[in-house]
Every structure is written in C-alpha cells, then in structure tokens.
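The values are calculated or read from the model by the stated rules, or taken from the named source; none is laboratory data. Remember, it's a predicted structure, so these values are computed and weren't measured experimentally. Note that each Cβ is placed from the backbone with ideal geometry, even for glycine, and that neighbours are counted across all protein chains shown. What goes into the accessible areas is simple: the full protein's heavy atoms, side chains included, and nothing from ligands, DNA or RNA. Shrake-Rupley method; radii C 1.70, N 1.55, O 1.52, S 1.80 Å.
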Amino acid sequence: GDFTFSRSTMATRVNADGNIEKETQNLLTESNNFSDSDWTNTGYTLTSGQADRNGGTDAWLANCTAAGNALYQSNSSSGVLTFSIYAKEGTQRYIRVRADRASNDPETRVDLNDGSIDQQSNVIDVNVTDAGNDYYRIEMTFLGTSLSNVQVRAVNSAGVGVTGLIYLHD
C-alpha cells in the first residue's frame, strides 16, 4: 500500500512486486504561495483564492502583464530532479516550464487546451496528466547540473512570452 515518510532527503523502498519506489521531496519552498519572497516575479499580477483542481479555492490567477514574464525560484540542487506544477488555461493557451542552468536548459511547452506536449528539449522525461477541473499536472524530469532556478512562463505557440492569464496550483 501507500506509505508516508518524513525526512529531509529522499527515501526508497521495495514494493510487493519487487520494484523500487522512491518517495520524493519538493525542492521548491512555498510551492503554492507564489507571492512569497521565495518566488521572483517579473511581469505577473498574482491573485490567490481561485478555483483549484479539487473544487476548492487554493489556486492562483497569474495575469502576465509583460511579454518578458517570469515566475521563478532559485534552486541549486543537482542530480536527477523532477519539477511539477498544476496549470490551467486562462486567456493564454501555452505554458513553458524550464530549469535554468549553465547550458542546454531543460524545458517543455504544454498546450493547456488539451494537455499535449508541444515542445521539449534536454529532458529525461515529461508527463502531463489531467488533474481535474481543467487543470493539467506538468511533470518534467531532468539532470540538474549547474542549476540556478526553475521557472514557469506563459508563452505563445512559438514559445515566446506573452501577456494574458493562466491559472497555477502547486
């Protein structure tokens, strides 16, 4: 069955089928408090209290007011890392998640209208799943070498930053 584990590092176990399972940790702090000082915000107006994927009001409306928008958090972790976020289409259809490192930045662009992966590069794996209430869970796994931050951007179909609305949830 499921297990709960609390510690400061990752843990593994062997399940009943003999497969290794990994309990992961969230390397991002304040992961659903995008107005916190841990997040750097350029070009967004953020409004909390929006409808979330579970029927509550724990999501954020991200109004991208500048085409050079960025919402990111510094992170210098290393090794194989996974970054995930829940996002929903507003007036903007595409979102890009990216890990900024010294070169060959891992990134993926997702169409929030249908959850399709529109583009990906320098990643180990990308999974997009329907999370309910029109939200998609975007999970990107990559090698974190010389990592400086992870970021979320509203973009157009060409990957260029745009103005408009998207919804975000941890």
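In terms of modelled amide H atoms, which long-range or inter-chain residues lie less than 5 Å from the amide H of I95?
Those lying under 5 Å, H to H, from I95 are V110, L112, V155.
Could you check how much of the accessible area of the range 29-88 is carbon and sulfur, as a whole percent, using a 1.4 Å probe?
Roughly 40 percent, rounded to a whole number.
Could you look at the range 92-170 and say what percent of its accessible area is carbon and sulfur, using a 1.4 Å probe and all protein chains?
The computed percentage sits at 36.
Which stretch or stretches of the range 132-170 have amide N atoms under 17 Å from the point lying 7 Å from Q119's Cα along the Cα→Cβ direction?
151-163
Send over a whole-number figure in Å² for the accessible area per residue of the range 64-170, probe 1.4 Å.
Ligands and nucleic acids excluded, the result is 41 Å² per residue.
Using only alpha carbons, build the gyration tensor for the range 49-152 and give me the equivalent ellipsoid semi-axes, biggest first, whole Å.
Working from the Cα gyration tensor, I get semi-axes of 23, 15, 13 Å.
log10 I(q)/I(0), Debye, Cα-only the range 48-99, no solvent, q = 0.29 Å⁻¹?
The calculated log intensity ratios at q = 0.29 Å⁻¹ are -1.30.
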